[in-house]
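Just so you know, all these numbers are worked out from the coordinates, no wet-lab data involved. Being a predicted model, the structure only gives us computed values, none of them experimental. We place every Cβ from the backbone using ideal geometry, glycine too, and count neighbours over all the protein chains shown.
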Amino acid sequence: MEKIVSLCKSRGLIFQSSEIYGGLNGFWDYGPLGAELKRNVKELWWKSMTRLRDDIVGLDASIIMHPQIWKASGHVDTFSDLMRECSVTNKRIRTDHVEPESGTIFRFPGAESAATGWKSDRQIVLLQKKGEHPDSIRKRARQYYVSGNSAVTIDAVTLLGETTEPVENSVDFHPESGGLLGESRPFNLMLKTYVGATATEENVTYLRPETAQAIFAQFTNVVATSRQKVPFGICQVGKAFRNEVTPRNFTFRSREFEQMELEFFIKPDEAVIATEGEVATVAAKGHPGEPQPNWGWQAWHKYWVEERMRWYNEIGLPRETLEEYWQKPEELAHYARATVDIMVKFPFGSQELEGIAARSDFDLSQHQRFSGKAQTVHDDDLRAALTKLDPAKQQELRASYFAARKGYLLRTGETEEAATKAAGEEADRFLKGYYVPHVIEPSAGVDRLLLALVCNAFDEEEVPDAKGNMEVRKVLRFSPRVAPIKVGVFPLLKNKPDLVKKAYEVRDLLRPHMSVFYDEKDAVGRRYRRQDEAGTPFCVTIDFDTIGENGDELKGTVTLRHRDSMQQDRVKIEDLIGLLLPQVQ
Ligand code: GAP
């Protein structure tokens, strides 16, 4: 990981944010190469979601939205980590990050300084660190007594006694300070701000912690304007912010990051049964194929898991580098029917790259309840199909829809009576063709994906240099589709105007179609190595053959060098675009 962090900095992929001021924990900047890489990844995602499909449209919503959105989504009340505070340093730690420790607990009832008359009867409780000498823990205790108190020095302080007690596998001590931890308390991860001239509670808003909610909040507008009919999706790429308590593993867990989220709206299974007779069964393995009218939520969920896996493969993360983790029933959010985490192997372990959740009709239902605006769609075919069903089947579907809606309303805290009444009305409307769409949500992090791509692409190998001596070649084996620079263009020598002129011509020919890096500094071998480190899949060198100095046979041809194999081919300049473009797009 250290090598990767260092390469990211030295090649201009990722820098620490605000580095000249000492950095800001959890924030990162993308340098010239990183910015290109990020753009390519987002562009490929956007293209695969919107331009290559008829059933998904895009959205670009504001980061700050009405605070009620975060009430409705549950983020205000439940988007929190449980934290514990160290009683000696006041440092917080996530409750689930405290590892069990065994050792001896030292309790110090107070301390005093005879020289100044200073005295404290604060109790300090510390866990003796493994192998730590008792004098060292006493010194640490004295340090904690005097910290923040300029009137006394550590040497002038004596402890007013101590008691000890052995402990096994305790999770009550801070792993760094050894100080006793306080109770677990929820700590909301949303970054708060104020909109308007006064910083009062009424003006509190939040930087969005996910892009998804804007999609739900704009659902009815998109339906009204896009001519899309369920099943269809709305996708968005954009910044999200979370005040992560322990940002870590480079960009993996940041406080500002980007998400690429799709909310794919589907019919409730009752509606599919009404129009198609039954819901398709889904094979446990493999891609379910092209979408079919009889797909229920399970088929759609499986479809999106497979589609996302396919996309990762296309951009250079082969299936064997990924894993599907199907969340266990007890791990699922209360509204989720199934969630698959796509896991990827990082040097610090296998971690979530994307979550694909079947979220039932929870999100639109919440916004319907909080905004008071219907989030239902009307389906003429459904209404027609329902009227043709025999009354028993009609009632069976009504009862199933009613039970789901009542269950949701009861979970929101409605009384039995109110939930029965409201669900009954909704079930009656269902028989007229109205329903709240369900959702499948593939939600990916751009920054995590970039890190996965860099980790996966990073390679070091021993190769002979120009003199035949072995040297280590660092190479980023990015898929050409995501590579920040697609092609390096070099004149063999920089002091030969005819070579330079021709190289400029080749650069200008390629530039409108792909990102090109022109380089004339140092020997060509060194230039190849620099592009290897930047992950550039192709390099083109213009030499004396190109300009016809050695006869006409190779005039108008260049050397095309391939990053991974280091193989060099002779190709015609006029064939370059046709050769490269299909590989880099
Ligand atoms: N709308 C659902 C949602 O936001 P999530 O699992 O919290 O779900 C989705 O986030 C994805 O966003 C994650 O799989 C991850 O790739 C990315 N992500 C979440 N928190 C992140 C963080 N602190 N830093 C970087 N990426 C993060």
Item checked: Residue order, fewest to most beta carbons within 10 Å, for S254, S177 -> S177, S254
Checklist line | Förster radius 35 Å - calculated FRET efficiency between Q583 and K432, Cβ distance, rounded to 0.05 | finding: 0.05
Next item on the list: State the antiparallel share, in %, of DSSP beta bridges confined to the chain, rounding to the nearest 5.
Entry: 90
Check: Among 297-307, 29-39, how do they line up from the highest to the lowest mean number of other beta-carbon atoms within 10 Å?
Finding: 297-307, 29-39
Next item on the list: Would you order M65, M566 from fewest to most other beta-carbon atoms within 10 Å of each residue's own beta-carbon?
Entry: M566, M65
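What ranking, highest mean first, results for peptides 441-448, 234-241 when packing means the other Cβ atoms within 10 Å averaged over each residue?
Put in order of decreasing packing, that is 441-448, 234-241.
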Checklist line | Contact order normalised by residue count of the chain, Cα under 8 Å, 6+ apart, percent | finding: 12
Next item on the list: Take peptides 389-399, 263-273 and line them up by average Cβ neighbours within 10 Å, highest first, as a rough protection proxy.
Entry: 263-273, 389-399
Next item on the list: State which entries of K47/K572; K467/K521; K229/K285 exceed 24 angstrom in Cα-Cα distance in the structure shown.
Entry: K47/K572; K229/K285
Note to self: Could you give each residue of segment 254-266 its phi-based ³J(HN,Hα) in whole Hz, using Karplus coefficients 6.51, -1.76, 1.60 with θ = phi - 60°, and x for Gly or Pro?
What the structure shows: 10, 9, 10, 8, 10, 10, 10, 10, 10, 10, 9, 8, 10
Next item on the list: Could you please rank R227, R142, R122, placing first whichever residue has the fewest other Cβ atoms within 10 Å of its Cβ?
Entry: R227, R122, R142
Next item on the list: Take every Cα pair under 8 Å in segment 464-548 that's 6+ residues apart, average their separations, divide by the length, and report that relative contact order as a whole percent.
Entry: 45
Check: What list of ³J(HN,Hα) couplings, whole Hz, do you get for segment 321-334 from phi and the Karplus terms 6.51, -1.76, 1.60, once you set θ to phi - 60° and write x for glycine and proline?
Finding: 8, 10, 9, 9, 10, 8, 4, 6, x, 6, 8, 6, 4, 4
Next item on the list: Have a look at Y401, G535, N495 and report the one farthest towards the positive end of the charge dipole of the chain, computed about the Cα centre with Cβ charges (Lys/Arg +1, Asp/Glu -1).
Entry: N495
Item checked: 5 angstrom amide H check on D81, placed H, neighbours 5+ away -> F187, L189
Notebook entry, point to check: Under the rule of -39500 (n - 2.57) per DSSP H run of 4 or more residues, summed and divided by the residues of the chain, what mean residue ellipticity at 222 nm is obtained, to the nearest 500 deg cm²/dmol?
Noted result: -10000 deg cm²/dmol
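Return the percentage of antiparallel bridges among DSSP beta bridges fully within segment 454-576, rounded to the nearest 5 %.
About 65 percent, rounded to the nearest 5.
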Margin query: Need the C-alpha centroid separation for segment 519-533 versus segment 389-410, integer Å.
Written below: 68
Next item on the list: Determine the distance separating the Cα centre of segment 420-491 from the Cα centre of segment 1-41; give it in Å without decimals.
Entry: 18
